[in-house]
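The next block holds one structure in the form of structure tokens; read it before the comments.
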Amino acid sequence: MPLIPTARFAPTGTALAVVSLVLIAGCASTSVPGSRSVTIERTAYGIPHITAPDYEGIAYGVAYAHAQDNVCQTADHLLTARGDRSQFLGATGTGDFGLGRLPNAQIDLFVRNHMDDTVLARAADKDPEVRAALRGYVAGYNRYLQDAGPSGLPEACRGKPWVRPMTTADLSRTTELSMIQGGLAALAPAVLAADPPAAKSSAAQPVVDPQQAAVELARLSFNANPRGGELGSNGWAFGRNATPDGRGLVLGNPHFPWFGTNRFWEMHLTIPGSLDVMGATGGLSPTVAIGFNKDVAWTHTVSTGKRFTLYELKLDPADPTVYIVDGQRRKMTARTVVLPAESAAPGAQPARRTFYSTDWGPVISLPRAGLAWSATTAYAIRDVNTLNTRSARAWIQMGRARSMDELRAAMGNQGMPWINTIGADRQGNAMYADLSVVPDVSAEQLKACAPSPAAAGLFAAAGLAVLDGSRSACDWKRDSAAAMPGAIPPARMPVIVTPDWVQNSNDSFWLSNPRIAAPAGISPLVGPVGVPQRLRTRSGILEIEGRLAGRDGLPGNKMGAEELRSMIFRDRNHAGELVMDDLAAACRSAGAGLSADQQAGCRTLAAWSRTSTPEARGAALFREFWRKAKDVPKVWRVPFDPARPVVTPAGLDMATPATRDAVFKALGDAVAIVRAAGFAPDVALSDAQYRIVRGEKVAIPGGDEFEGVLNKVESQGQPAIGPNGYGINYGSSYIQVVGFDERGPVAQALLTYGQSSDPASPRAFDQLPLFSRKQWVKMPFHRADVEAQRVGAPLTLAY
């Protein structure tokens, strides 16, 4: 049974500052202070090039340079990791957590219950280089605070009492939050909602429609979040058979938040003779997460693998806090967390919450998904990424890899928490690998350990695995080849290495390349096979196959870097390509029988280019139309065919009267929505999808997830167009296209929102005009390029 960490409260106030400084002193290098130094050089758009003799110095420089651009963002995230948001920002304020936002008091209660600094320290990676990197990162951030001083910080955190030195415990907590954000942290509201029913209650579980349950659970999913803002990406890699020069080629196009700690940040790290890697990282990390070196390039996409299972608990009828395993009674652990008195409003009591935990994990409650805590049944969550401290070592080794074999080996410690890896090398090998951390549950065990029928049905309806918690035989398998007990070992995860090509756009491993048979015997918890694919996946495969068949209108039949850069910014709207012929024909047939708004919609979309480029008139109207029409029952004319998964489903079934009426209603409603927002139906996308940057209106290209636009942009929490258009805050972020020549990488990239999260910084959104114009930045990897692009004098720091 798993050991679930319990909280150890972080000190607050002056005590924390004192403890922080003591811990920092204790983590200092044993070498003579100032005997080593790190150099930070900035090139165009503020990209730092950090050179040091070891990884402690690299991490010191990364933390210092990152704080120059994002110190307030980091300080805010440290408040979250400490469980101190209510105390300083108010209990009713909100903060980023998991996949959305929660009230500060809820964040603090969850964090203070979950985090155990002693357990985290015990689980920390013992690799000397990783430990040195963590020391360096803490010291580098604190050095920046010291150098800037309270008055030298950006307005958002200038002089604020919550800006404090970082500790190693703080940094470990931020790593833990990153690891569990696809599982336990996403279900934090359900953990916070878990209250035992009244004693001797006879209330039965309410019957919940499976589709309602699926919608509710999708709100907590990385890959199917109907609120928008789900983490995703496009990752493509091409081998020697697909490129004109026979070398590897990689597209990295992660779709991540434009605000908050998941923002990417570009950097170039050099340890002479040991490391030379460039790319981007997210969170508080001293390693390149997506990038390239002299010999390899790689990217990540969010994988379909499950990070947790639920366990259905059979309860003692006399006590709903007692559950039965193998016929034996086990008492839940109850723990009450009370926030500091300073966190409450004057005259109010501080927030408190009693959490219940089992050997299977914390108890949750999701009544709208049929997972309520009743007198007879409860549910517990077990997250396989809890205490995953292995990612830093994996990314350090990936940065040194010289081939796809070495890149794959670098991930052998299973440090990748919830992501696929797509890469290629100079030798012309391409790779797709889902070596993320997934509970070791086979199809046979999933069936043998089925819980009640309603809970068991959630796997088919929503991809949620629920196991029978009344039997110890339903524990995850413990394979000695796994890096941690209960995870599927690397040898049983899907990996494809090929001289051809691979892709992933957040569907499973099944169609990494439709012409290459998917690995057999993979656990269903890794991802589904034979199911409809998202439109981005289908669009990407069609684009790739069209290019390699020479039928996409471009010269030749190979994928070069120029063709790849062009392809990702074509902004073809695949939903529009699939349905507009049928809609246009139905419009012509219906003619004057349609309402005025429906006729206006028909005219606008008949002239639409079926793209989501800034100049496209009708793109906004189509988005609002398809947002509604896609959910019409049996809307497709050609249903899904697992033998033709790239081209089905397709078309609109306008021959069925009920479908036709619903589709036309969606069209008329869409026109009304666009007009109510203050726009004409044929508004150019640039007038509805933009951001003001230093007084200038900058158009944002791209489309929403459900439209199947490769260049995905979207608005979290905004269901439709508003008076100010689309408030884009998610989507294409760090974008790279990397090939190779005789010297090493040839890379062009973009960071859509720029290096800095400080609105007053010149580096905030300074690359967005490039994104708008579909221009790229040549990445200065080689020394001559760094010197040619260098901006300002280098900064040298002793550490």
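The values are calculated or read from the model by the stated rules, or taken from the named source; none is laboratory data. Note that the structure is predicted; figures quoted are calculated from it, not measured. A quick note on method: Cβ atoms are made from the backbone with ideal geometry, for glycine too, and the neighbour counts reach across all protein chains shown. In case anyone asks, the SASA skips ligands and DNA or RNA and just uses the protein heavy atoms, side chains included. Shrake-Rupley method; radii C 1.70, N 1.55, O 1.52, S 1.80 Å.
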Taking all protein chains in place and a 1.4 Å probe, what share, in percent, of the accessible surface of the chain do carbon and sulfur account for? 54
Evaluate the distance, in nm, between pseudo-label points positioned 7 Å from the Cα of Ser609 and of Gln775 along their respective Cα→Cβ axes. 1.9
At 1.4 Å probe size, put Arg335, Arg390, Arg478 in order of accessible surface, largest to smallest. Arg478, Arg335, Arg390
Using a 1.4 angstrom probe, figure out how much accessible area segment 457-543 has per residue, in square angstrom, rounded to the nearest whole. 34
Quick calc, Ser35 & Asp245: beta-carbon distance into FRET formula, R0 41 Å, rounding 0.05, result 0.35
Just to verify a number: what accessible area does Arg36 come out at with the full protein assembly present, 1.4 Å probe, Å² rounded to tens? 50
Suppose a student asked you for the relative contact order of segment 732-772, using Cα pairs under 8 Å spaced at least 6 residues apart; what percent would you report? 31
Once fully extended, how much extra length lies between Thr333 and Ile516, figured as 0.36 nm per residue of separation less the alpha-carbon to alpha-carbon distance? 61.0 nm
Any idea how far apart Arg675 and Leu795 come out in nm if each label point goes 7 Å out from Cα toward Cβ? 5.5
Let me know the shape class of segment 295-346, please: from the alpha-carbon gyration tensor, a ≥ b ≥ c as square roots of the eigenvalues, rounded when a/c is under 1.5, otherwise prolate if a/b is greater than b/c, or oblate. oblate
Segment 43-104, relative contact order [Cα under 8 Å, separation at least 6], %: 16
Distance in nm between pseudo-label sites at Lys697 and Asp127 (7 Å out along the Cβ direction from Cα): 5.0
Per-residue [θ]222 nm for the chain (sum of -39500 (n - 2.57) over DSSP H runs n ≥ 4, rounded to 500): -9000 deg cm²/dmol
Everything considered on the Cα gyration tensor (a ≥ b ≥ c; rounded for a/c under 1.5, else prolate if a/b is larger than b/c, else oblate), segment 374-491 must be described as prolate
The chain, relative contact order in percent, only Cα pairs under 8 angstrom and at least six apart counted: 16
Mind jotting down the distance between the C-alpha centroids of segment 424-454 and segment 500-559, whole Å? 18
In Å², and per residue, what accessible area does segment 646-799 have when probed at 1.4 Å with the other protein chains present? 37
Starting from the Cα-Cα distance between Leu542 and Asp405, subtract it from 0.36 nm times their residue separation and give me the gain in nm to one decimal. 46.5 nm
Rounded if a/c is under 1.5, else prolate if a/b is larger than b/c, else oblate: which is segment 662-756, with a ≥ b ≥ c the root eigenvalues of its Cα gyration tensor? prolate
Whole angstrom only: what separates the Cα centroid of segment 52-94 from the Cα centroid of segment 746-791? 23
